[in-house]
Amino acid sequence: MTRFSLRLAPRLVLFAALAAAGSFVAASQTPPASNPQLASRQLKDRVEALLQQMTLEEKIGQLVQYSAGYATGPGASNLKYDELAASGQLGSMLNVVGAEATNHYQHLAVEKSRLHIPILFGLDVIHGHRTTFPVPLALAAAWSPATTALVARQSALEARADGIRWAFSPMVDIARDPRWGRIIESSGEDPYLGSALARAWVKGYQQDDLSRPDSVAVSVKHFAAYGAAIAGRDYNATDMSELTLRQVYLEPYRAAVQAGAATMMSSFNSLNGIPATANPFILNKILRGEWGFDGFVVSDWGAVSELVNHSIGDGPTVARKALEAGVDMDMEGNLYGTVIAAQVRSGKIPVSVVDEAARRVLRVKFALGLFDHPYTTPGPAYEATPERRALARKVADETLVLLKNDPAAGAGALLPLTAKAGKVALIGPLADNQRELLGAWTVAGEAKYVVTLRQAFAERLGDRLLYAPGCGLLAGEDNRILQEASFNDAGLNGSTGSKQHTPALDDAQAIAEAVATAQKADLVVLALGESSAWMEGEASSRATLGFTGAQQQLLEAVSDRQARRPGGAGRPPVGTHLGRRARPCHP
């Protein structure tokens with residue numbers, strides 16, 4: 001035994017020496033700049049020259065973001081925002097859209113504030129801005145980075161016309177639980193595909209040059225592992241090994257950083273017991289130390305103040321922990337602007353921490369050309385031109401997923417529909433609903449531009465089209481709640497908050513009428529799914545994945561009747577699933 005140990009000893013010593021050398025090399029290496037534009041010496045010199053002139057309050061002002069028109073900021077009145085902008089204490093705003101609105105605040109900041117620092121305007125631009133494209137999960141189904149980049153490019157063009165220089169996109173969270181409502185904003189479950197599309201989003205939005213007049217800065221979200229929420233419950237904790245974290249969940253974020261992402265957004269969730277918005281391991285060690293990220297990090301909406309709910313301290317304490325962990329900007333938390341200065345003066349927070357956060361924000365503003373071109377030239381109102389519709393249709397064509405198209409007895413494959421289809425019955429609660437066809441998170445999209453299935457079928461079929469709603473999207477208490485509330489009620493132009501609710505249907509009667517309608521047709525098309533405003537996106541997790549309301553009963557009744565009608569055996573209805581997540585679908 002002694003001889004065996006003696007023979008291995010030199011090898012063990014050699015292995016330990018190599019490991020130590022490797023650790024030393026890794027620790028001594030500085031990762032390359034993730035965005036050369038942000039790391040340029042000329043830009044850094046401009047930032048440092050400005051930073052030396054700034055007061056503590058002006059530096060902290062760069063670290064706050066408020067949403068105009070909401071009662072959650074420093075005041076329900078826009079007058080307060082005017083004062084903050086004019087005094088140089090408002091670094092960024094969100095949900096301010098349009099040249100007139102953004103220019104109003106920008107003139108105050110640039111012309112009235114002491115150092116003339118412009119405001120950075122951000123917005124949720126998720127799957128298009130004015131022109132609405134398929135949701136990101138659908139875009140992933142195209143397996144085409146070029147298509148994703150095209151969507152980002154068009155979105156950037158339209159956002160810039162509205163004064164937006166910063167898009168809260170892309171969401172690159174790996175998501176493997178379809179019960180999680182925000183899965184529709186993701187690229188799905190695969191880290192390789194997610195990484196490829198993360199790069200495409202960044203390239204499409206930023207075009208490798210933030211100063212271009214048609215580029216916007218991205219905010220890659222939600223860092224980190226937000227999509228692994230336990231049981232698919234939004235805002236829930238995540239718990240995983242570091243191996244899984246690095247090999248699966250961090251890969252798309254890393255790809256986005258390597259592509260030059262200008263900003264990142266911290267997430268609501270805790271990761272292995274530590275809130276992501278106060279987590280120096282992911283924000284400083286990995287993001288900046290290992291990946292060389294040189295942009296800035298913004299919190300998600302109110303995520304800094306919500307750290308109190310994570311029980312890691314009171315307001316001043318959680319603000320300090322978030323700032324020191326690497327969150328540079330407080331989105332709608334109303335803490336950085338109110339409690340940081342006193343802690344700096346008392347010595348609890350080193351002024352160097354505030355300086356570094358302000359430095360990161362200013363770098364992005366300079367890179368975007370905001371100091372040289374702060375205003376937006378007003379242009380014509382948006383129109384859904386034939387060119388824009390053609391682009392949206394092209395993208396939609398690439399994202400369609402055909403689940404099944406088995407030949408039917410005596411009819412062959414049912415799809416594509418032909419002129420020989422005869423009479424067609426279009427049935428379902430999503431057959432004629434403009435708002436629902438927009439999808440979740442359509443902040444600036446307008447339902448009036450949507451062509452519904454019923455409208456499109458009527459144009460092609462004329463009097464050969466039969467229609468019945470079949471049932472409502474929801475039933476009972478769920479339907480009552482939907483009539484009264486929507487997560488997206490705060491729409492900018494009425495599109496997102498426009499409910500288009502109609503009186504609740506008598507589902508039993510509506511199903512009977514749908515079956516009767518189906519009996520008169522040669523072919524039935526069912527348009528089924530879920531509410532995009534209520535059951536998809538943020539705060540919209542589900543316990544089960546089946547159809548909502550009476551849609552399953554509708555599907556079964558129509559399918560059964562079709563199978564039993566004379567000449568209808570073996571000819572099932574065509575099912576059009578307009579939900580944005582996977583679910584069981586069987587008659």
Hey, can you tell me all the residues within the range 522-554 that are buried (at least 24 other Cβ atoms within 10 Å of the Cβ), in a helix (DSSP H, G or I) and either of a type in the set (S, T, N, Q) or touching a His at 6+ places or on another chain (Cβ under 7 Å) (or both)? Ser532, Gln551
Qualifying position, being in contact (Cβ under 8 Å) with a residue 12 or more places away in the chain and either over 35 Å from the mean Cα position of the chain (by Cα) or loosely packed, with under 14 Cβ neighbours inside 10 Å (or both), among Ala413, Ala408: Ala408
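Is it fair to say Val339 is at pLDDT 95 or above and either in a helix (DSSP H, G or I) or polar (S, T, N, Q) (or both)?
Values: at pLDDT 95 or above: yes; either in a helix (DSSP H, G or I) or polar (S, T, N, Q) (or both): yes.
When the stated conditions are applied, Val339 passes them.
Being among the aliphatic types (A, V, I, L, M) and surrounded by 10 or more Cβ atoms within 10 Å (Cβ to Cβ) is the filter here; which residues of the range 416-432 pass it? Walk me through how you get there before you give the answer.
Step one: list which residues in the range 416-432 are among the aliphatic types (A, V, I, L, M), which gives 417, 419, 421, 424-427, 430-431.
If the condition is that a residue be among the aliphatic types (A, V, I, L, M) and surrounded by 10 or more Cβ atoms within 10 Å (Cβ to Cβ), then Leu417, Ala421, Val424, Ala425, Leu426, Ile427, Leu430, Ala431 are the ones that fit.
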Of the conditions (1) surrounded by fewer than 23 Cβ atoms within 10 Å (Cβ to Cβ); (2) farther than 28 Å from Gly546 by Cα, Ala444 clears all except one; give me its number. (1)
With the requirement that a residue be among the charged types (D, E, K, R) and under 24 Å from Glu158 (Cα atoms), what does the range 443-471 give you? Glu446, Lys448
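What residue, among those in the range 447-459 that are in contact with a Leu (Cβ under 8 Å, 6 or more places away or on another chain) and among the hydrophobic types (A, V, I, L, M, F, W, C), is surrounded by the fewest Cβ atoms within 10 Å (Cβ to Cβ)?
First, pick out the residues of the range 447-459 that are in contact with a Leu (Cβ under 8 Å, 6 or more places away or on another chain): 447, 450, 452-454, 457-458.
Now restrict to residues that are among the hydrophobic types (A, V, I, L, M, F, W, C): 447, 450, 453, 457-458.
Values: Ala447: 21, Val450: 18, Leu453: 19, Phe457: 21, Ala458: 16.
Taking the candidates together, the pick is Ala458.
Given the criteria over 24 Å from the mean Cα position of the chain (by Cα), surrounded by 15 or more Cβ atoms within 10 Å (Cβ to Cβ) and part of a loop (DSSP other than H, G, I, E, B), does Gly379 qualify? First the steps, then the outcome.
On the way: over 24 Å from the mean Cα position of the chain (by Cα): yes; surrounded by 15 or more Cβ atoms within 10 Å (Cβ to Cβ): no; part of a loop (DSSP other than H, G, I, E, B): yes.
Criteria not met by Gly379.
Have a look at Arg571, Arg581 and point out the one that is touching a Phe, Trp or Tyr at 6+ places or on another chain (Cβ under 9 Å), at pLDDT below 65 and either part of a loop (DSSP other than H, G, I, E, B) or over 26 Å from Pro407 (Cα atoms) (or both). It would help to see each step written out before you state the result.
On the way: Arg571 fails: touching a Phe, Trp or Tyr at 6+ places or on another chain (Cβ under 9 Å).
Criteria check complete, one pass: Arg581.
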Would you please list the contacts, defined by Cβ atoms under 6 Å and residues six or more apart or on different chains, that run from a residue in the range 22-43 that is surrounded by 10 or more Cβ atoms within 10 Å (Cβ to Cβ) and modelled with pLDDT under 90 to a residue that is assigned to a helix (DSSP H, G or I) and of a type in the set (Gly, Ala, Ser)? Ala33/Ala39
Any helices (runs of 4 or more DSSP H) falling wholly within the range 132-211 and containing at least 1 residues that are farther than 17 Å from Val257 by Cβ and among the polar types (S, T, N, Q): 145-161
Which of the numbered conditions does Arg11 fail, given that it passes all the others? Conditions: (1) surrounded by fewer than 10 Cβ atoms within 10 Å (Cβ to Cβ); (2) at pLDDT 50 or above. (2)
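For the range 407-466, what are the residues that are under 28 Å from Gln509 (Cβ atoms), aliphatic (A, V, I, L, M) and in a helix (DSSP H, G or I)? Break it down stepwise before answering.
Of all residues in the range 407-466, those under 28 Å from Gln509 (Cβ atoms) come to 421-437, 447, 450, 452-458, 461-466.
Imposing the further condition that a residue be aliphatic (A, V, I, L, M) reduces the set to 421, 424-427, 430-431, 437, 447, 450, 453, 456, 458, 461, 465-466.
Selection gives Ala421, Leu437, Ala447, Leu453, Ala456, Ala458, Leu461.
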Residue in the range 155-163 that is closer than 20 Å to Asp397 by Cβ and either hydrophobic (A, V, I, L, M, F, W, C) or modelled with pLDDT of 95 or more (or both) present: yes
Any idea which of (1) surrounded by 24 or more Cβ atoms within 10 Å (Cβ to Cβ); (2) assigned to a helix (DSSP H, G or I); (3) hydrophobic (A, V, I, L, M, F, W, C) is the one Val308 doesn't satisfy? (1)
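Kindly check whether there is at least one residue in the range 219-229 that is assigned to a loop (DSSP other than H, G, I, E, B) and of a type in the set (Lys, Arg).
Of the residues in the range 219-229, the ones assigned to a loop (DSSP other than H, G, I, E, B) are 224-225, 229.
Still in the list and also of a type in the set (Lys, Arg): none.
Taking every residue of the range 219-229 in turn, none turns out to be assigned to a loop (DSSP other than H, G, I, E, B) and of a type in the set (Lys, Arg).
Residues checked against (1) more than 20 Å from Leu391 (Cβ to Cβ); (2) in contact (Cβ under 8 Å) with a residue 24 or more places away in the chain; (3) among the aromatic types (Phe, Trp, Tyr):
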| residue | (1), (2), (3) |
| --- | --- |
| Gly128 | no, yes, no |
| Pro134 | no, yes, no |
| Ser144 | no, yes, no |
| Arg153 | no, yes, no |
| Leu157 | no, yes, no |
| Pro170 | no, yes, no |
| Asp173 | yes, yes, no |
| Asp177 | yes, yes, no |
| Asp190 | yes, no, no |
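The values are calculated or read from the model by the stated rules, or taken from the named source; none is laboratory data. None of these values were measured; they are calculated from a predicted model. Here the Cβ is made from the backbone with ideal geometry for all residues, glycine too, and neighbour counts use every protein chain on show.
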